[in-house]
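Read the structure below first, then the notes.
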Amino acid sequence: MQVSRKFRIFAVPKNIFTSMQSNQELSIIHYQLSISSMGRAELAQKYFPFIQPQSAWLKLKSLLAEDPELQHLAQLKRRTFLPAEVNKIYQRLGQP
């Protein structure tokens, strides 16, 4: 029986695993890259899925107003949050 020569084994340096990032760091990086802009009612529905979008937004708005770092987001005139703003909300309030 002959062994196929398609597969070759290469030596892996021992320090390759120390230079790799941990799974937790990689998941955080992936999570931050996957955040996109989101409508305020859409984001509010993620936090309060069992109530109407307008009521969910009012509840989220009151949560934002209570946090000193997020107060300015509650007073925005536009109806969408940028990815950086969504990320900041997730960091302060937790991911829904």
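Looking at the stretch 57-96 only, could you name the residues that are of a type in the set (Lys, Arg) and closer than 18 Å to Gln45 by Cβ? Selection gives Lys59, Lys61, Arg78, Arg79. What do you reckon, is Ser19 among the small types (Gly, Ala, Ser) and at pLDDT below 55? Here the answer is yes, as Ser19 does meet what is asked.
The values are calculated or read from the model by the stated rules, or taken from the named source; none is laboratory data. Just so we're clear, the structure is a prediction, and the values are computed from it rather than from any experiment. Because the Cβ atoms are built from the backbone with ideal geometry, glycine has one as well, and the counts that use them run over all protein chains shown.
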